[in-house]
């Protein structure tokens, strides 16, 4: 009996097949958003850093720099926040951390 592939492993395989750099292709970005959301939920259903549905709805500006996937989270509609949140997800360790906020007026750029 073969071991089932986890969502984290699926994300790792997906990213390993991508060249480093910004993910600009709409279909690839759509697939990436789903895979990140699934992996985030699998990481721990009660993972306190970010709810998976927020990832699915708000992930933008993905930049793959192995082993780190950087992306920003678009502020929720109606949110009083004026900045996007930059995130880094280490695919080797599956650790995610919030990076410096990115001004909303400069979409697609990370502050570091």
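Taken over segment 62-99, the residue count meeting the criterion of being closer than 20 Å to residue 29 by Cβ, assigned to a loop (DSSP other than H, G, I, E, B) and at pLDDT below 80 is 4.
For segment 1-15, the set of residues classified as farther than 11 Å from residue 69 by Cβ and in contact (Cβ under 8 Å) with a residue 24 or more places away in the chain consists of 6, 7, 8, 10, listed by residue number.
Here is a yes/no grid of residues against (1) at pLDDT 90 or above; (2) out of contact with any strand residue (DSSP E or B) (no Cβ under 7 Å at 6 or more places or on another chain):
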| position | (1), (2) |
| --- | --- |
| 5 | no, yes |
| 16 | yes, yes |
| 26 | no, yes |
| 33 | no, no |
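The values are calculated or read from the model by the stated rules, or taken from the named source; none is laboratory data. The structure presented is a predicted model; accordingly, all values stated were derived computationally and were not measured. In this analysis, Cβ positions are derived from the backbone assuming ideal geometry, glycine residues included, and neighbour counts consider all displayed protein chains.
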